[in-house]
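Below: one structure, written as structure tokens.
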Amino acid sequence: MRSIYLLTFLYLNVISSIQAQPKEIAVNYFFSTGDYMDDKLSSDQVLLDVAAIGSDYIYVKNFLDPVTRKKSDAAKTWAVQYQNKTYVNLKYSKNASAPDVFVQIDIKGRFCLAVMDSAFMESVDIAEHYAGNPLKIYDPYSRNTSDAKYFNAAGEMKRIFLVDTKDLSIVLPYKANNAPIDFLTKDTLKWLVGKDDFKGSKKDYTVEDIIAIVEDLNRRQ
């Protein structure tokens, strides 16, 4: 019974926070991965019709021209900048595709890292149901989803996304080549560490370990 009350309390708190959030925000953007790496922020802005904003993500319902208020092509943008933080579009994910959900980048370099709070998936799911338009961000039974779970030194569960900015495998014809932002799976972690140096299980790596690995790799690029 207590668990039911707790879940109801958390649900109502999330709904309350969604209702209190700004409905529209004006942002500049990086149309491509290359623009982001070269710090080429757009000179113009796009208006985001927001469904929800969390501590490390933004879910966008519509991209609007701030003057005409018509739908904007900026929906294809690779990342946006909001309050001096960069958020990458999960539209460009191969194993966690969620068009118009943007996740905050915590580390920039050859390898970019997004470390998400444990409530990330649940909060977006609630926001989607509240908006009346359920979105399947990921399959809860898939290997990739479970592989993306890591724990920090305090025992808190996080989900980690990785971008290899040299992997420009997503092509927008005549517009841009973009890097995917994907869940950090065991196979990718093994590739980062090196087959011979890999400890054998991703459970042997804390969030702090992974951050140190990525920062070291970026320094050596």
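The values are calculated or read from the model by the stated rules, or taken from the named source; none is laboratory data. As the structure is a prediction and not an experimental result, all values here were calculated from the model. Cβ sites come from the backbone with ideal geometry, for glycine too, and all protein chains shown count toward neighbours.
Quick notes on this structure:
- Once the range 117-131 is narrowed to residues that are out of contact with any Gly (no Cβ under 9 Å at 6 or more places or on another chain) and closer than 22 Å to residue 156 by Cβ, the residue that is modelled with the highest pLDDT is 118.
- The strands (runs of 3 or more DSSP E) found wholly in the range 1-88 include none carrying at least 3 residues that are modelled with pLDDT of 95 or more and more than 28 Å from residue 171 (Cα to Cα).
- Whichever residue in the range 167-197 is within 27 Å of residue 209 (Cβ to Cβ) and among the hydrophobic types (A, V, I, L, M, F, W, C) and, among such residues, is nearest to the chain's Cα centre (by Cα): 181
- Complete set of residues in the range 64-110 that are of a type in the set (Phe, Trp, Tyr) and buried (at least 21 other Cβ atoms within 10 Å of the Cβ): 78, 87, 92, 102
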